[in-house]
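Presented below is the structure to which this report refers.
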Amino acid sequence: AQSVTQPDIHITVSEGASLELRCNYSYGATPYLFWYVQSPGQGLQLLLKYFSGDTLVQGIKGFEAEFKRSQSSFNLRKPSVHWSDAAEYFCAVVTLGYKLSFGAGTTVTVRA
Amino acid sequence: GAGVSQSPSNKVTEKGKDVELRCDPISGHTALYWYRQSLGQGLEFLIYFQGNSAPDKSGLPSDRFSAERTGGSVSTLTIQRTQQEDSAVYLCASSLETSGWGTDTQYFGPGTRLTVL
């Protein structure tokens, strides 16, 4: 079955530093991949998605992600983190054409 | 326009009681989904509606859980005889349609935090 794995449970980064969150997928064909962010007490907000084409995807809030088939990865990056980026981030893959299967999430803490 | 709304935002109930959770999707969205977020299980799919029909109920954890959708809009998730393990955040999402390819963006509501004492 298609699935995603987020190896890092928690990451701490200094404000202004770069951030990279890892996501590995398990799927035979080209997966449809998503990154969502959840701020405390909030629902999930879509950051970006990948279906096909250009493997570097730009999203909202200055985030980008790169699809690498050879590494089965879809890592999320941001060049310079702001304190407001502290949140939980979820990678997800669509299965059966509609069902989102989420990774365990990575909590990002931003220190001043 | 308005996003997905859910009510109540918080619900505390006693073990054995029934609860109803409501979801108002984005206007015009034909597809609606329920997910559950708990500490032990992470984010899990519960059920998917296309219009008023639920072609996939495979994620409902037991027969105490049921859901319906009326008028192609509002959905209600009902949990009967609640148990402590039902404590979780219940998230609703909607999308414009389900293309069948998985490319439709799902927009999530803020969730209902259910606590079963």
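Taken together, the values in this text are just the output of simple stated rules run on the coordinates, not laboratory data. In this text, all values refer to a predicted model and were calculated from it rather than measured experimentally. Here the Cβ positions follow ideal geometry from the backbone for every residue, glycine too, while neighbour counts run over all protein chains shown.
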Residues meeting the amide H criterion for B:GLN83 (H placed from the backbone, H to H distance under 5 Å, 5 or more places apart or on another chain) are B:GLY16
Label point distance in nm, B:GLN84-A:ALA17, each placed 7 Å from Cα along Cα→Cβ: 4.0
So which aspartates and glutamates can B:LYS11 reach, going by Cα to Cα under 13 Å and dropping same-chain residues fewer than 8 places off? B:GLU20, B:ASP86
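For the range A:24-92, what relative contact order do you get, as a whole percent, if you take Cα pairs closer than 8 Å and at least 6 residues apart?
Details: 113 pairs, mean separation 24.0, N = 69.
Relative contact order here is 35 percent.
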Between the range A:1-26 and the range B:11-80, the Cα center-to-center distance that results, in Å: 29
Under 16 Å between alpha carbons: how many lysine pairs meet that in chain A, if sequence neighbours fewer than 8 apart on the same chain are excluded? 5
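Hey, with R₀ at 22 Å, roughly what FRET efficiency would A:SER70 and A:ALA29 work out to, going by the Cβ-Cβ distance, to 0.05? Before the final figure, lay out the partial values.
Details: r = 15 Å, r/R0 = 0.68.
Computed FRET efficiency for A:SER70 and A:ALA29 comes out at 0.90.
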Antiparallel DSSP beta bridges within chain A, as percent of all bridges there, nearest 5: 85
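About the Cα centre of the protein assembly as shown, what is the dipole size in debye to 20, counting +1 per Lys and Arg Cβ and -1 per Asp and Glu Cβ, all else neutral?
Working: 19 positive and 20 negative charges, 30 e Å.
The calculated dipole for the protein assembly as shown is roughly 140 debye.
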